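Inspection log for the structure reproduced underneath, given as structure tokens.
The values are calculated or read from the model by the stated rules, or taken from the named source; none is laboratory data. If you're wondering where the values come from, they're calculated on a predicted model, not measured in any experiment. Note: ideal-geometry Cβ built from the backbone for every residue, glycine included; neighbour counts use all protein chains shown.
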Amino acid sequence: VNDTANTVRVASPTSNVALELAEIDWDNLGFGFMPTDYMYIMKCSQGENFSKGELQRFGNIELNPSAGVLNYGQGLFEGLKAYRKHDGNILLFRPEENAFRLRTGAERMCMPSPSVDQFVEAVKLTVLANERWIPPPGKGSLYIRPLLMGSGVVLGLAPTPEYTFLIYVSPVGNYFKEGLAPINLIVETEMHRATPGGTGGVKTIGNYAAVLKAQSAAKEKGFSDVLYLDSVHKRYLEEVSSCNVFVVKGNVISTPAIKGTILPGITRKSIIDVARSQGFQVQERFVTVDELLDADEVFCTGTAVVISPVGSITYLGKRVTYGSDGVGVVSQKLYSSLTSLQMGLAEDEMNWIVEL
Ligand code: COI
């Protein structure tokens, strides 16, 4: 990599000429949308399978005002990231896991979905077409956002007659404005993210709209985000608006079990395996809100969030803090292990990396 005043040149895996990166401020990426060059689109009718998609110039899409996704929320999304390695190669992290999760969600939302191969191929195509938007090593990643939506027309409540699978990408840095510094959460006691039998366990768009009110109120009070409790007992931890949660006590790391109301995060699943491989005991179980009181560390995981240490949690007006300054040892260790794998700096013993 060779930085000059305005352009950064990196080796390109798809051609032997140096690739000119997009001219943006690579040192100050946050988690915000930035338009790139291409998006991928594939359509199919209800009762049929997706067959052929294509890259198009990135831009607005047309939807009939009566489209199912706009009226009844028949839509799912995914999130994954591409990293640029020092040798110029591009890495994806477990993309087939996103494909499986999309397929599970599509089944719940009465939608057809691309096959795992179609999904992964489409992701690769979209990333390569937008190669110049992948941040230089250490500056961030290219966030990949697949969408599956009911784009057909319905007025009465029913699955729509047409579906669109779309992928767009945007270069991103840290999700929280705190960067990697610990975040401050508030436990929400009135509003819930999901209910048993509902759609909390799939990545449907409505799950995210449902948290906006509590999240906005929390942010107004100066908190980074909201930690939700289960809607039946109002006592067990569920997840944070955009990520899963882990509680550390000694050598034991506990996280709420997947039981239909919690998103089965791919980072969550990966951290469980990484932690176990490092000798931690990981428990997936009901975790009570009271356990936050004597935890050593708390951290959140997600594709966008990666691993975010929690500095404090406020519950019913009481604030519990973790660590006196900065990131806890366990959170830091797991963060380093995961990100070294994702960025191609560590041996991929788990076979999780797809190199383009
Ligand atoms: C992700 O982590 O990729 C997500 O989809 C969460 C989103 C709210 C940014």
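See the values below:
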| quantity | calculated |
| --- | --- |
| Residues (under 30 Å from Val169 (Cβ atoms) and crowded, with 21+ Cβ neighbours inside 10 Å) located in segment 288-305 | Phe299, Cys300, Thr301, Gly302, Thr303, Val305 |
| Residues located in segment 141-160, provided they are in a loop (DSSP other than H, G, I, E, B), buried (at least 22 other Cβ atoms within 10 Å of the Cβ) and either free of Cβ contacts under 8 Å to residues at least 60 places away in the same chain or touching a Lys or Arg at 6+ places or on another chain (Cβ under 9 Å) (or both) | Ser151 |
| Lys203 touching a Lys or Arg at 6+ places or on another chain (Cβ under 8 Å) and among the charged types (D, E, K, R) | yes |
| Cβ-Cβ under 8 Å pairs, at least 6 apart or on other chains, segment 56-81 side closer than 29 Å to Ile353 by Cβ, far side acidic (Asp, Glu) | Phe58/Asp37 |
| Criterion violated by Lys259 - all others in (1) farther than 23 Å from Glu178 by Cα; (2) at pLDDT 95 or above; (3) away from the ligand (no atom under 12 Å from the Cβ); (4) surrounded by fewer than 22 Cβ atoms within 10 Å (Cβ to Cβ) satisfied | (2) |
| Test: residue in segment 286-300 that is modelled with pLDDT of 95 or more, within 16 Å of the ligand (Cβ to nearest atom) and out of contact with any Pro (no Cβ under 7 Å at 6 or more places or on another chain) | yes |
| Which listed residue, of Leu148, Leu166, Leu185, Leu180, is in contact with a strand residue (DSSP E or B) (Cβ under 9 Å, 6 or more places away or on another chain), of a type in the set (A, V, I, L, M), within 18 Å of Tyr72 (Cβ to Cβ) and away from the ligand (no atom under 13 Å from the Cβ) | Leu148 |
| Criterion (within 14 Å of the ligand (Cβ to nearest atom) and either buried (at least 21 other Cβ atoms within 10 Å of the Cβ) or of a type in the set (A, V, I, L, M, F, W, C) (or both)) met by exactly one of Val252, Val245, Val232 | Val245 |
| Filter result for the condition that a residue is at pLDDT 95 or above and closer than 20 Å to Glu107 by Cβ, over Gly222, Gly206 | Gly206 |
